[in-house]
Amino acid sequence: MEKKLIYADYAATSPVEERVLKEMLPYFTESFGNPSGVHRASRTAAKAVAEARRKIAAAIGADYSEIYFTSGGTEADNWAVNVAKGKEIVTTAIEHKAVLNSCKALEKSGTAVTYLPVDSDGFVTAGQVAAAIDSDTALVSVMQANNEIGTVMPIDEIAEVCRAKGVLFHTDAVQAIGNLPVNVSGIDMLSCSGHKIGAPKGVGFLYVRKGTPLESFIHGGNQEFGLRAGTENVPAIVGLGEAVKLACEGMKDNAEYVTRLRDKLIDGLLEIPDARLNGSREKRLCGNVNVSFADVESEAVLLMLDAAGICASGGSACTTGENEPSHVLTAIGVENEFINGTVRFTLSHKNTEDEVNYIIGQTTEIVQRLRKIRMANC
């Protein structure tokens with residue numbers, strides 16, 4: 001008999017929420033019009049897109065006209081970073097690859113990029129950002145919360161520095177929305193991905209403050225205020241609007257509950273000898289547990305967890321299959337004996353205390369078993 005699945009990889013993706021799916025369904029079959037048309041079916045679809053835009057704007061303190069729908073967080077990050085093309089960007093060494101690889105691509109065409117180091121918990125300070133900004137700096141991009149180790153950055157202080165120096169500030173808030181208070185006051189651009197918060201995959205948004213010099217990223221028609229061409233994915237956009245609304249409304253209660261589960265899981269896993277927590281213990285995402293175990297390989301741990309009915313990851317789902325150690329763990333100085341034995345569990349309000357107890361028990365047994373096998377083979 002197949003074991004019950006315990007899902008603990010919510011930072012990678014989440015299921016579509018029932019209320020979100022209910023909102024989406026009519027726009028697949030009944031109200032399927034193209035929003036760019038002039039007839040009734042098109043007007044119905046256009047109204048749904050507008051309502052989703054209003055929901056998102058209200059949730060993050062933005063104006064309706066400052067929300068641009070995208071295919072997800074990666075496109076939103078790419079679009080934001082592209083604003084500084086040919087100029088200078090300041091970012092951190094632990095950003096998501098959607099930001100880092102965009103910066104590397106721009107470097108090839110003459111854009112200067114400064115990659116700020118972080119401390120052992122993954123923090124960059126507003127002082128570091130201030131010191132890195134010079135007269136050529138066009139953009140600072142610092143994520144609100146790290147997707148691998150859960151560290152929550154001092155976004156308000158960094159935004160204040162950028163305002164004082166007249167530099168645009170972008171934050172990747174993909175892991176933050178629904179887990180942390182998110183308000184765009186002081187922020188010029190902000191990225192979001194729908195599938196992290198109960199919307200479908202393939203949809204997200206970029207918030208852009210009025211007056212920010214944003215160029216078209218996909219050329220064609222006049223969709224998204226003439227800056228992002230392509231027929232709108234109406235069902236997904238409707239789902240995103242409802243998902244953002246629900247995530248923000250339920251954030252406080254959910255975060256308190258998930259934080260208790262997270263702390264229980266951290267405490268249990270750190271009972272395993274030669275285990276270390278990666279990222280800040282206090283200033284971290286409510287559901288993030290990133291732990292490294294000495295003398296084991298994370299791939300073996302993950303396969304055995306999977307066999308036990310537990311879904312987890314070794315880090316960012318977007319870097320799965322890479323042979324190099326995590327750039328985040330390398331940047332925070334995780335020792336060689338630990339770095340290859342890293343497992344990331346990410347919890348949500350759908351998890352239970354019994355599930356956390358099971359994860360602790362199974363992980364403990366698996367690490368012990370793998371270490372015995374290693375010793376036997378030495």
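Only aspartates and glutamates eight or more places from Lys245 in sequence, or on another chain, were considered; those with a Cα closer than 18 Å are Glu17, Glu18, Glu23, Glu51, Asp63, Glu66, Asp253.
Taking 26 Å as the cut-off for C-alpha to C-alpha distance, list the pairs among Lys47/Lys210; Lys97/Lys252; Lys55/Lys165 that go past it. Over 26 Å apart, Cα to Cα: Lys97/Lys252; Lys55/Lys165. GNM on the chain, alpha-carbon springs under 10 angstrom: the most fluctuating residue among Pro213, Pro235, Pro200 is Pro213.
Seen through its C-alpha gyration tensor, with square-root eigenvalues sorted a ≥ b ≥ c, the chain comes out oblate because a/c lies at 1.5 or above while a/b is not bigger than b/c.
For the pair Asp63 and Arg281, what calculated FRET efficiency results from E = 1/(1 + (r/R0)^6), where r is the Cβ-Cβ distance and R0 = 56 Å, to the nearest 0.05?
Numbers: r = 37 Å, r/R0 = 0.67.
So the FRET efficiency works out to roughly 0.90.
Of the peptides 140-152, 29-41, the ranking by mean beta-carbon count within 10 Å, highest at the top, reads 140-152, 29-41.
The relative contact order of the range 94-214, computed from alpha carbon pairs under 8 Å that lie at least 6 residues apart in sequence, is 18 percent.
Taking amide H as placed 1.01 Å from N in the peptide plane, the amide H of Ile6 sits under 5 Å from that of Ile310, Cys311, each at least 5 places away or on another chain. Whole Å is fine, so just give me how far the alpha carbon centre of the range 153-222 lies from that of the range 29-94. Answer, in whole Å: 11. Compare Ala300, Ala236, Ala11 in a GNM of the chain, Cα atoms joined below 10 Å, and give the one with the largest fluctuation. Highest fluctuation of the listed residues: Ala300. Rounded, prolate or oblate: which one fits the range 1-153, using the alpha carbon gyration tensor with axes a ≥ b ≥ c (rounded when a/c is under 1.5, else prolate when a/b beats b/c, else oblate)? Oblate shape, in that a/c is at least 1.5 and b/c is the bigger or equal ratio. Taking every C-alpha pair closer than 8 Å and separated by at least 6 residues, the mean separation divided by the residue count of the range 209-360 gives a relative contact order of 24 percent.
With r defined as the distance between the Cβ atoms of Glu160 and Thr212 and R0 fixed at 22 Å, what FRET efficiency is calculated, to the nearest 0.05?
0.80
Straight-distance candidates among the aspartates and glutamates for linking to Lys104, with alpha-carbon spacing under 19 Å and chain neighbours fewer than 8 residues away dropped: Glu75, Asp77, Glu88, Glu95, Asp136, Asp172, Glu322, Glu324. Spin-label model, Arg260 to Phe28: label points 7 Å out along the Cα-to-beta-carbon direction sit 3.6 nm apart.
Based on the Cβ-Cβ distance of Asn183 and Lys372, what FRET efficiency does E = 1/(1 + (r/R0)^6) give at R0 = 51 Å, to the nearest 0.05? Working shown, then result.
On the way: r = 51 Å, r/R0 = 0.99.
For R0 = 51 Å, the calculated efficiency reads 0.50.
Legend: helices of the chain (whole DSSP H runs) are marked when their alpha-carbon atoms reach 20 angstrom or more along the helix axis and their mean Kyte-Doolittle hydropathy is at least 0.0; marked are 234-249.
Straightening the chain between Ala308 and Lys97 buys 72.9 nm, computed as 0.36 nm per residue apart minus the Cα-Cα spacing. Given a 10 angstrom Cα cut-off, can you work out which residue in Lys283, Lys97, Lys47 is the most mobile in a GNM of the chain? Sorting by GNM fluctuation, first place goes to Lys47.
Which of the three applies to the range 110-264, rounded, prolate or oblate, going by the alpha-carbon gyration tensor with a ≥ b ≥ c and a/c under 1.5 meaning rounded? Oblate shape, in that a/c is at least 1.5 and b/c is the bigger or equal ratio.
Could you list the GluC sites (Glu not before Pro) in the range 232-314 that lie in coil according to DSSP, counting only those with at most 10 other Cβ atoms within 10 Å of their Cβ?
Numbers: sites: Glu232, Glu242, Glu249, Glu256, Glu271, Glu282, Glu297, Glu299; in loops: Glu232, Glu271, Glu282, Glu297.
Loop-located and lightly packed - Glu271, Glu282.
Where a number appears in this text, it was derived from the coordinates with a stated rule and is not lab data. Because the structure is a prediction, the values reported are computed rather than measured. Methodologically, a virtual Cβ is constructed for each residue, glycine included, from the backbone with ideal geometry; neighbour enumeration extends over all protein chains shown.
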